[in-house]
Structures are given as structure tokens and as C-alpha cells.
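Trainee: Before I ask anything, here is the structure I am working with.
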Amino acid sequence: MKAYLLLEDGTLFTGRSIGAVKEVVSEIVFNTSMTGYLEVLTDPSYAGQAVVMTYPLIGNYGICREDMESGRAWPDAFIVRELAELASNFRSRETLQQFLLEEDVPGIEGIDTRALTKILRERGTMNGFLTTNPDFDREEAMRQMKAYQVLGAVARVSCKEKYVIPGKGKKVSIIDCGIKRNMLRELSKRGLELTVWPQDARAEDILAEKPDGIFLTNGPGDPAENVGLIREIKKLYDSEVPIFAICLGHQLMALATGGKTYKMKYGHRGGNHPVRDLESGRAYISAQNHGYAVDDKSLDPKVAETRFVNVNDGTNEGLAYCGKNILTVQFHPEACPGPHDTSYLFDHFLDMMEVQHA
């Protein structure tokens, strides 16, 4: 069955339908990872977006549900050059096509994803319309695309109730804005007791449990939209509890302390983004997934100083807060998919808590 992808700028791609047969309007973004398509599909940070995979063959090692980063698929649609019909992997239990059908995710294959990615790089991220109807109303599709926004995504992906993952070490409170399972694994394997709170939790309730550390997670959408959450994070900042934040959490902390964020032209999504640690001078290859960035010039230098920068474009990749035991990073040290170069930051978080209680 044919499928059609219309972009907001009027460009039309014609390919073959994969996954569920349904019509969607979404924000089109691209990911440059060569592997890890299941982790991409189950990353809550993609809620409200349709993902283009730039690597040409996707699905060749099938689906192993133990590798999922959450309990379901989040993207609105999946766009690939070629979908592998057969899976070669002793751990695989189903094909990617079967997974997309089960998760009700539509998609398109057989289009020139390189050309699509170049459009998004040159003209910026834009909305798109995916359909299998050859007689779709182009004007109506354009109207829907112009009206589409990613709104309320953090509330949609966050847990609804507090839960605890036992551990014998220090107690860490996590605000779930769309957490990936590997963040929990990285923290748990260091022996920490984890209390995961929904995104609408009150700072007073979190602090009342006297955590040794606080962890702010990744998540989808425009960080500035989360006004209530930013207000609660400011209260956590005012406490003396050590805080480690990743991706959306990094942006929310900057907003809570007077900084600003902005939407990037096409964002950073993939497992090959170089970042430099300004303290040590070392460069690391990192996994990233974000369409917004912190404007580090908007922050008072007495409040925070830049700790990491992106080697490619110079954008802010991390902040150390002055006089506070707080470190925030834009990239994903837990990877999945991606390199593990910066996983040492979880150990650094342990050190932050040790110093606080010394």
C-alpha cells in the first residue's frame, strides 16, 4: 500500500505504508543513530514527534522487548528508507513491522530519507502529514500542520503515582518527566534507593522524605511550557540537596534559576555528538535527543557556569551551579542507544552526595 508524507513547506514524498494504517500530523525530526531503533521508539522524549532514521536499513536485528526504554512506543510515526522484513538475532521475538502494528504506530518506507533529512537541516524542523489516502485534501492537511503543536507532553509521559525501587545505598528522589529505563538501571546498579515521583509532585513532599540526592530526568516538548514544574524545581534548587539533571531536567533547572531556552533549528538526536568538558578539556562522544537548548548567556554567571559545550556548534551541553552541589547536562550519559563515554557522571552524582554528608 502506498503512503504519502507531506511537509509543511509543500514537499511531498511517496513511499510504502508500514506499521499501523492511520493518518497523523506530527513534528518531523531525524535521528542519526545506526542502531538502537527500539530504544528510540520507546523513548518518551519522542512523544508528539515523528522520527526519521537516517541509517538506511532499519529492523534487521528485530525486536527484543527487554531492550525497551519504557513500556510502550511514543513517536507518532516512524520514517525509514528500508524496513527489514527478516530479523537476524537470536534474541529477537518479532519483526519491527509486527512491533509497529502492535504499538499502533504508522510509518512510511521507501522514501529518500537523506533528501528528507537535508530539508530538515536546511529549512529547520517542521510539521508533516502522513496518510495512505491518495486523494487527501492538501489544503486541509496544510491547515492541520500549521495548527499542530507539541503540548502537554510531559504530563502524558510521566508516571501517575509515586513508586519506589529498593536499594541499600543512599536515597534518591527522581522527578519523572519521561524517564528512560536505563537511567533507573544506572542508578540502581550503584545501590541507590530510588523514589520516582510524577511530574506534578510538590517540592515540599519530596524534601519531607529527606532524600540524599535529587535526579531530574529527560522528557518531551518545550521546557518553558512546564510552569508549575519549574516553580517546584526552584524550591529544590533553594534546598541544599545535591541535584543531577539530564536533558529536559537540565533545561528546567536553567529556567528555574532565571535562564532562558530556545528552539534549535533541527536539534541533536543520535549517538555521535561530541561534547567538551571545559573543566578537564576532554572531549566525549555522547547520545543526545533534544530540540531545545539553554541560552547560557541568559544565566547570571554568579548562578551557574558552563561546564560542557557541543564541539560541533558550540551550544550549551551542561552547567555547574555556583555554591551549589548541582550539575546538569544536556546529553544522555546513560546512552541506550549510544556510547557510554559519560556514564562516569552517575558516579560523580554519588560523589556529590558523599561530599554533602561528609
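The values are calculated or read from the model by the stated rules, or taken from the named source; none is laboratory data. Computed from a predicted structure; not experimentally measured. Note that each Cβ is placed from the backbone with ideal geometry, even for glycine, and that neighbours are counted across all protein chains shown. Quick note on the areas: whole protein, heavy atoms, side chains included, nothing else; ligands and nucleic acids left out. Shrake-Rupley method; radii C 1.70, N 1.55, O 1.52, S 1.80 Å.
Trainee: So, in Å, what gap is there between the alpha-carbon centers of region 27-43 and region 117-147?
Mentor: 20 Å
Trainee: Angle, helix 138-147 long axis vs. longest principal axis of the chain, Cα atoms, 0 to 90°, nearest 10?
Mentor: 0 degrees
Trainee: Considering only ALA320, ALA224, VAL105, whose Cα is most displaced toward the positive end of the charge dipole of the chain, charges sitting on Cβ of Lys, Arg (+1) and Asp, Glu (-1)?
Mentor: It is ALA320, whose Cα lies furthest towards the positive end.
Trainee: State the volume of the convex hull built on the alpha-carbon positions of region 121-234, expressed per residue in Å³ and rounded to an integer.
Mentor: 160 Å³
Trainee: Shifting gears a bit: Which value, in debye to the nearest 20, gives the size of the charge dipole of region 93-195 about its Cα centre, when Lys and Arg are +1 and Asp and Glu are -1 at the Cβ?
Mentor: About 1000 debye.
Trainee: Beta carbons within 10 angstrom, averaged per residue: use that to sort the peptides 86-98, 191-203, 6-18, highest first.
Mentor: Packing proxy ranking, top to bottom: 191-203, 6-18, 86-98.
Trainee: Which shape class, rounded, prolate or oblate, goes with region 76-118 when its Cα gyration tensor gives a ≥ b ≥ c as root eigenvalues, a/c under 1.5 marks rounded, and past that a/b bigger than b/c marks prolate?
Mentor: It comes out oblate by the Cα gyration axes.
Trainee: Taking only protein heavy atoms and a 1.4 Å probe, what accessible area per residue, in Å², does the chain have with all protein chains in place?
Mentor: For the chain, the per-residue accessible area is 42 Å².
Trainee: Same structure again: Under unit Cβ charges (Lys, Arg +1; Asp, Glu -1), what dipole magnitude, rounded to 20 debye, does the chain have relative to its Cα centre?
Mentor: Computed about the Cα centre, the dipole is about 240 debye.
Trainee: Same structure, new question: Listed highest first by mean packing, meaning other Cβ atoms within 10 Å per residue, what order do 246-252, 231-237 come in?
Mentor: Answer by packing, highest mean first, reads 246-252, 231-237.
Trainee: If you average the alpha carbon positions of region 271-343 and of region 215-267, how far apart do those two centres end up, in angstrom?
Mentor: Measuring centre to centre over Cα atoms gives 14 Å.
Trainee: Also, quick follow-up: Write down Rg/Rh for region 32-141, rounded to two decimals, with Rg from the C-alpha atoms and Rh from the Kirkwood relation over Cα pairs.
Mentor: In region 32-141, Rg relative to Rh is 0.97.
Trainee: For region 223-358, what class follows from the C-alpha gyration tensor (a ≥ b ≥ c being the square roots of its eigenvalues): rounded when a/c is under 1.5, otherwise prolate if a/b is larger than b/c, else oblate?
Mentor: It is oblate, given that a/c is not under 1.5 and a/b is not larger than b/c.
Trainee: Compute for region 100-169: radius of gyration divided by Kirkwood radius, i.e. Rg/Rh, restricted to C-alpha atoms, rounded to two decimals.
Mentor: 1.14
Trainee: Can you compute log10 of I(q)/I(0) for the chain with the Debye formula, treating each Cα as one identical point scatterer, at q = 0.10, 0.14 Å⁻¹?
Mentor: -0.60, -1.14
Trainee: Can you give me the angle between helix 227-238 and the longest principal axis of the chain, using Cα atoms only, in degrees from 0 to 90, rounded to the nearest 10?
Mentor: 30 degrees
Trainee: Now, a different point. Rounded, prolate or oblate: which fits region 212-295 when a ≥ b ≥ c are the square roots of the eigenvalues of the alpha-carbon gyration tensor, with rounded for a/c under 1.5 and prolate only if a/b beats b/c?
Mentor: Note, shape of region 212-295 comes out oblate.
Trainee: Only loop residues by DSSP count here, and only those with at most 15 other Cβ atoms within 10 Å; note down the trypsin sites (Lys or Arg not before Pro) in region 135-172 that meet that.
Mentor: LYS160, LYS168
Trainee: In region 270-332, which trypsin sites (Lys or Arg not before Pro) are in a loop and have at most 14 other Cβ atoms within 10 Å, using DSSP for the loop call?
Mentor: Passing sites in region 270-332 are ARG282, LYS302.
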